[in-house]
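Worksheet: one structure, shown below.
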Amino acid sequence: MSLGLLESMDSNLKDVPMFLLEGIRKSSDKIAIFCNPGGIKLPQKIQSVYSLLENSVFEVKANEISNFHPKMWFIKYSDDDGNAYIKIIVLSRNLTFDRSWDVSFAFTGRVGRHRSRTKNENIPLRDMLEYVKVYANKEKKDKISEFQENILDVKEFELESPFESYEFMPIGIPGYKGKDLDLFNTHNELLVVSPFLSDDIIEKFEQSARNTRKIITRRSSITNKTLDVFNNGVYAMKDIIVDGGDEESIEQWQKQDIHGKLYFEGGYDGNFLYLGSANASHNAFYNNVEFLIKLKFKPRTMSYQKFIGDLLPEEDNPFELVTNIDLNKKEEEEELYLKQIKEIIWAIKEARVISNGTNYDIQVNFKKLNPDIRGKIAPLMRKNTYKEIENLTTLEKLTITQLSEFYVIKVGDKEVVVKIKTKDIPKDRDDKIYQSIIKNKDDFYAYISFLLGDSYTESAYELREYMESRRLLDGNSKLNNNAVIIYEKMLQIIIDNPNKLKDIEAVMKRLDKDIVSENFKKMYNTFILAAKKVK
C-alpha cells in the first residue's frame, strides 16, 4: 500500500475499504509478487477487494520437491530529470509480520544507454526474472521483459564501504546449481548463520573450513553432527529473547528467533560475505529456488575476529553457547499438515465458474489424492463454507463479488491461501466489487474527495470518519457541502496535478449511472477541457 501510493501510512487504515481499493487500483499495474504455492497466510479480515490482487500475485509451481524460496525485490524508479534507476534488495525476510531476526542488503544502479562490452555481471538478475515471468500474466510478462533489458543497461550498482565487489548467485534455476557455489571452496575461517540445517551441508563445511568454524542457529535445529563439526562454536538465541522475557509479552507477541541466513568466509584471497535466502540445508542447495549475493570486503576493512565480535559481543550477547541437543523436537504435526497441503496443491487441475440463476457455483477438479489426506477447500470470500476435497468439488451459491482465484486449503488446523486459475469469472466482476464499496452518490463523492486530497493518508482519516458516521446512521450519512468541496479541489488540481483527473475517470467507468450523475459528468468534462487549456 505504501509503495503503491508513494506515502508512509498508518496500518490501521488498511481496514478502510475505499482506501484499500485505491491502494490496489494505483499499484496493481506496477507490482508483481511471486511466491511459493501455499505460502500466503489467511488474512484475519477478508474483504472482496482482495480479489483485485489476482493480477499482481503469482504462485511459482516448479516441481513437487522444491520450494520457491528467494526473498528479493527488483524496483525501478525515475527522478525528476528522467534518469531511471534499479534498486536491488536481497533479504532473508519474507513479506510477513514475523518478528524473527533477519538480514537485508540493498543497493542502486543507474540505467545507462550503453551496455558494458565485457561480461555483464547483471546476467544472473536477468535470468532470475526470466525464470519467474513464465508464471505471470501477459501484461506483467511484457513489463518484466522491459525490466530485464533495463537491468542489463545498469553498468554497475553503487557499493558502499566496506565492500569492493559483488556477485549475484541464483540457485535452482536453469544454469545455476547450488552445489557448484564457491561458498564450499576451501578457506581458513567460517561463520554460518542459518535457522535450519542439514547434516550433509554441515559436512561440506567441515571439509572446506580448515581452521576456525562457528555457527549461529536455532536450538531445535542442532544435531550431533553440528556439535561435532562446529566444536565449541555452536550458538543459539537466549530463551529470554526467544520467549520475549515474560508471560505478558509472550501473549502479546509471537516468539522470535534467528531467521537470517549469512555466511562469512576468511581466507588468503580475502574476506567474503554471502547473504540471502539459502539455509545451510540440503533443500536450499539441491532442490529449492534461492538467491544469494556475494560481497567482497575491501582489504583491511574486516576480519573474522571483528565480524565475530560484532555478532557475539562479550557484553549483552543475545546468543549463548550450546553444548547439547534439544530433545524436544517440535512442530511435527504442523510439518505433516504442511506436507499434505502441498500434495493437495499439486493435485489441483482447474476451477470453473458455473452460473446458477442469480448466484454462481465453482467446480474445482483435483487429481486422485491419497485417502489418508483429509483436506478441505473454501472460497477466500466465504472461508467458513469448507467442503471436503473430492475429485470434483463444488463450492455453491456464491455472489459475483465472492468469486475469486484465491481459495483457502485446510488440513487439521492449518489454513493457507492458494491461487487457482479459474475459468469463466464474469467480466464485470471487478466493476461489481467497486460498486459493493461505492454504493451511492455520497460514497462516490467521499471517494472523489479522497482521491483529490493532498495526502492519501490524511484524506483516509476523513474517509474513515465518514464511513463510521454512515454506519452509526444506518447508511444515511450525508457529506456536508460535498459538491462545493469537490469543486474547490478540482479547481486546485488543474494547476497542481491535472493527471489526477484520470484517476476520477478510471473510477467513474466502474460505477452505475445512478451513482455517477449526468450533472457530475458534465462538470468533469468541463474540467478536462479547462485542464487542456491550462496546459
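Summary of the geometry: region 19-41 and region 363-432, compared by the centres of their Cα atoms, lie 19 Å apart.
Placing a label point 7 Å from the Cα of N324 along the Cα-to-Cβ direction, the residues of region 191-223 whose backbone N falls under 20 Å from that point are 217-223. Between 0 and 90 degrees, the angle of helix 441-451 with respect to the longest Cα principal axis of the chain falls at about 50 degrees.
Between N497 and N317, take the C-beta separation as r, use R0 = 45 Å, and let me know the FRET efficiency to the nearest 0.05. The pair N497/N317 has a calculated efficiency of 0.30. Ordering 17-28, 175-186, 434-445 by mean Cβ neighbour count within 10 Å, with the highest value first, yields 17-28, 434-445, 175-186. In terms of packing, defined here as the mean over residues of other Cβ atoms within 10 angstrom, the peptides 153-163, 396-406, 316-326 line up highest first as 396-406, 153-163, 316-326. Checked against a 25 Å cut-off, the cross-linked pairs K177/K238; K141/K414; K138/K177; K76/K141; K140/K532 give Cα-Cα distances beyond that limit for K177/K238; K141/K414; K138/K177; K140/K532. With respect to the chain, whose longest principal axis is taken over its alpha-carbon atoms, helix 332-347 is tilted by about 60°. Each of the peptides 350-356, 45-51 was scored by the mean count of other Cβ atoms within 10 Å over its residues; in descending order, highest first, they stand as 45-51, 350-356. In a fully extended conformation the segment linking E167 and K439 would gain 92.6 nm over its present Cα-Cα distance, using 0.36 nm per residue.
Each of K387 and N120 was given a label point 7 Å from its Cα along the Cα-to-Cβ line. The distance between the two points is 4.8 nm. Computing log10 I(q)/I(0) by the Debye sum over Cα atoms at q = 0.06, 0.12, 0.13 Å⁻¹ for the structure here picks out one of (i) -0.39, -1.07, -1.19; (ii) -0.27, -1.20, -1.44; (iii) -0.38, -1.30, -1.40, namely (iii).
With the simple model of a label 7 Å out from the Cα in the direction of the Cβ, N356 to N211 spans 7.1 nm.
No lab work stands behind these numbers, since they all come straight from the coordinates. Because the structure is predicted, anything quoted here is derived from the model rather than measured. Please note: Cβ atoms are built from the backbone with ideal geometry, for glycine as well, and neighbour counts cover all protein chains shown.
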